[in-house]
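As structure tokens, the structure follows; a few thoughts come after it.
The values are calculated or read from the model by the stated rules, or taken from the named source; none is laboratory data. This one's a predicted model, so the numbers in the text were calculated from it and none came from an experiment. We place every Cβ from the backbone using ideal geometry, glycine too, and count neighbours over all the protein chains shown. When the accessible area is computed, the model is the full protein with side chains, heavy atoms only, and any ligands, DNA or RNA have been set aside. Shrake-Rupley method; radii C 1.70, N 1.55, O 1.52, S 1.80 Å.
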Amino acid sequence: MLFRSYLTTKVKTRLVEKAQSLNPNHIKVTTEAGTVYLMGLVRPAEASIAADIAATTSGVKKVVKLFEYID
């Protein structure tokens with residue numbers, strides 16, 4: 001449980017630090033067994049940025065995008 005919370009916080013922190021072109025408040029991050037689930041209402045480019053950031057976070061084994069896309 002502690003590692004799951006730590007990994008979620010780590011991904012959210014990296015989203016804030018690295019992605020000036022997206023609002024991290026629009027993306028919900030949930031982690032289970034090293035798999036990060038990204039959810040929210042975003043543009044396709046924002047989804048790609050968020051997924052790349054999550055995938056390059058140490059400890060993340062897999063990223064699952066569950067976004068709803070807007071134009």
Return yes when THR56 is open to solvent by less than 90 Å² (accessible area, probe 1.4 Å) and polar (S, T, N, Q) and no when it is not. no
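Residue-by-condition table, conditions (1) in a loop (DSSP other than H, G, I, E, B); (2) more than 11 Å from the chain's Cα centre (by Cα); (3) of a type in the set (Val, Ile, Thr):
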residue	(1), (2), (3)
PHE3	no, yes, no
TYR6	no, yes, no
GLN20	yes, yes, no
TYR37	no, no, no
ILE53	no, no, yes
VAL60	yes, no, yes
LEU66	no, no, no
ASP71	yes, yes, no
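On the given criteria, is LEU2 at pLDDT below 95 and of a type in the set (A, V, I, L, M, F, W, C)? Give the derivation first.
Values: at pLDDT below 95: yes; of a type in the set (A, V, I, L, M, F, W, C): yes.
Criteria met by LEU2.
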Might you let me know whether the range 42-50 holds any residue that is without any contact (Cβ under 8 Å) to a residue 24 or more places away in the chain and either part of a helix (DSSP H, G or I) or open to solvent by 60 Å² or more (accessible area, probe 1.4 Å) (or both)? yes
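Can you go through LEU66, LEU38 and tell me which one is of a type in the set (A, V, I, L, M), modelled with pLDDT of 95 or more and surrounded by 18 or more Cβ atoms within 10 Å (Cβ to Cβ)?
Residue meeting the stated conditions: LEU38.
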